[in-house]
1. Does the chain come out rounded, prolate or oblate, given a ≥ b ≥ c as the square roots of the eigenvalues of its C-alpha gyration tensor, rounded meaning a/c under 1.5 and, failing that, prolate meaning a/b above b/c?
2. Please work out whether region 41-168 counts as rounded, prolate or oblate from its C-alpha gyration tensor, where a ≥ b ≥ c are the square roots of the eigenvalues and a/c under 1.5 means rounded, while otherwise a/b larger than b/c means prolate and anything else oblate?
3. I'd like the antiparallel share, as a percent to the nearest 5, of DSSP beta bridges with both residues in the chain.
4. Only helical DSSP H runs with n ≥ 4 go in: add -39500 (n - 2.57) per run for the chain, normalise by residue count and round the 222 nm mean residue ellipticity to 500 deg cm²/dmol.
5. Leu202: net charge of surrounding residues, Cβ under 12 Å, Lys/Arg +1, Asp/Glu -1, itself excluded?
6. For the chain, set up a Gaussian network in which alpha carbons nearer than 10 Å are linked by springs, and say which option among Ala135, Ala240, Ala159 fluctuates the most.
7. Among 105-114, 20-29, how do they line up by average Cβ neighbours within 10 Å per residue, starting with the highest?
8. Would you work out if region 86-239 is rounded, prolate or oblate? Take a ≥ b ≥ c from the square roots of the eigenvalues of the alpha-carbon gyration tensor; rounded if a/c is under 1.5, else prolate when a/b is larger than b/c, oblate otherwise.
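Just so it is clear, none of the values below were taken in a lab; they were calculated from the coordinates. Predicted model, so just to flag it, every value in this text is computed and none were measured. Glycine also receives a Cβ, built like all others from the backbone with ideal geometry; neighbour counts cover every protein chain displayed.
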Amino acid sequence: RASGGESWVGVYNPDMARRAQDLLVIETALMGALERNEFSLVYQPKVLLPSRRPSGVEALLRWNPPGRPPVPPDLFIPMAEQNGLIVPIGAWVIAETTRFAAEHMPPSMRMSVNVSTVQFRDPGLLDAIDAALHASKLKPSRLELEITETAAMSELTLAIEAIRNMRNIGVRTAIDDFGTGYSSLSYLTRLEVDKIKIDQSLLPKDGDERMWQVLNAIIELCHAADREVLAEGIESEWQAERLAEGGCDKGQGYLFSRPIPPDALRAYLQREVG
Ligand code: C2E
Ligand code: CA
Ligand code: CA
Ligand code: CA
């Protein structure tokens, strides 16, 4: 997703040759970005349905190189996965988010962090999480890891084991972007996650009754497998109402809140939770 004119690529690259060169420039800049403190986190609330009370937040990584436009996560995260930088960057995300949750979030609220395959292939992940939990004194059950369906399917054995390891230390897990892979349903019970996050692409944008019936069936199926269900990318009032009618447990999307910086989140929590 090239966010219109925001990325270096969009701005400076009329053709493929330039594009490849710019990608190299971006990757070179990415190498030192962590040391230069160029990353930040924004937080997007998740709410209970139908009450719409916030139940937690998802941390989303941002990269703002000084003097340049922000680089979209869909561009730099796959890059960091390929060159392995996602491991130290991900460790920073875990340290930062656990500290923030322990210091600034009410005890009823959970912090969700995205992890990619490269991270759970890394034997140091469990230690990094353990260390962050100890340093922050955050209760393990207040941390949740989101693993995309595609990542879990591509390395099923590894995913099953990683999810089990997290469960053993009390950290919660969720399947992210559910419904974008193609073997979704058969693996629903094999991956012992706590939550399923239904991808935005499965959420009807209009009154398409057949789509709603399919979505409601998916919600029921997840419940039958004893998984909590969250719908992503909710943008309209009536989508939230239909989801609540269909028994969806939680929702997330621009309707409730966009991803917001730490200060704005603290204000939001004060307002919504007290
Ligand atoms: P994701 O985990 O599926 O995150 C949801 C994306 O949808 C976010 O994009 C969010 O800003 C956007 N979104 C939320 N609500 C709405 C809505 O109502 N409508 C629309 N159109 N979009 C909505 P973002 O922040 O650009 O992140 C893109 C992806 O980058 C994430 O997808 C995730 O896979 C990855 N990512 C972000 N932060 C991290 C991180 O710390 N580590 C790893 N490994 N991946 C991350
Ligand atoms: Ca996610
Ligand atoms: Ca998602
Ligand atoms: Ca996604």
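1. rounded
2. Since a/c stays below 1.5, the shape of region 41-168 is classed as rounded.
3. Percentage antiparallel, nearest 5: 35.
4. -14000 deg cm²/dmol
5. Numbers: positive: Lys197, Lys205; negative: Glu149, Asp177, Asp199, Asp208, Glu232.
Here the count lands on -3.
6. Ala135
7. Per-residue mean Cβ counts within 10 Å order the peptides as 105-114, 20-29.
8. It comes out prolate by the Cα gyration axes.
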